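Input: a single structure, listed below in structure tokens.
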Amino acid sequence: MKKFFLIPLLFGVFMLNVASTCSNDDDDSNDDDDNNSSSAIITQTQNTLVNGSWRVTLFSEDGSNQTSQFSDYDFVFGTNGAVTAENGSTTMSGTWTTGTDDSTPKFIINFSATNGPFEEISEDWQILNASSNRVELKHVSGGDGSTDLLTFQKN
């Protein structure tokens, strides 16, 4: 008698599992929307930054405002992936690119500096917002979970 009770119970568990798997198909359209919005913000960021020169209006490292370290620098982002930062007496060179990480739009900056403020902004930044005159970025450290913010404003 116990065997006959287990068969309908197992069948019911099987059917619940199948039903829950089928309901996940509806979520695929949301993934496409996420990819489309990621692509749109990446394209907006790329098209925006290659036009003109930029200044850092916010660099917050784990809640500490470090913007003054970049106060005299003008940043120019080239269409070839090169970036330069100049303050009249010093020129820093680096590279930039864009991409996604788990459908999150990213802006990657890499300066060759091994210490100082340019090493600190050499990160993979999440693109929070991009408009024709402002790009807002965020980086969460994989090590300690601290959050850094970086904002570029068009000159």
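What follows is calculated from the coordinates using simple rules that are stated; it is not laboratory data. Remember, it's a predicted structure, so these values are computed and weren't measured experimentally. Cβ coordinates were reconstructed from backbone atoms using ideal geometry, including for glycine residues, and neighbour counts include every protein chain displayed.
Compactness ratio of segment 44-155: Cα Rg over 2.2 N^0.38 Å, N = residue count? Could you put the intermediate results ahead of the total?
Working: Rg = 13.0 Å, N = 112, 2.2 N^0.38 = 13.2 Å.
In units of the globular-protein estimate, segment 44-155 measures up at 0.98.
If you take every residue apart from THR98 with its C-beta less than 14 Å away from the C-beta of THR98, what net charge results, scoring Lys and Arg +1 and Asp and Glu -1? The partial results should precede the final answer.
Values: positive: LYS106; negative: ASP101, GLU123, ASP124.
Charge balance in the 14 Å sphere: -2.
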Check your understanding: Based on the Cβ-Cβ distance of THR79 and LYS138, what FRET efficiency does E = 1/(1 + (r/R0)^6) give at R0 = 22 Å, to the nearest 0.05?
Key -> 0.35
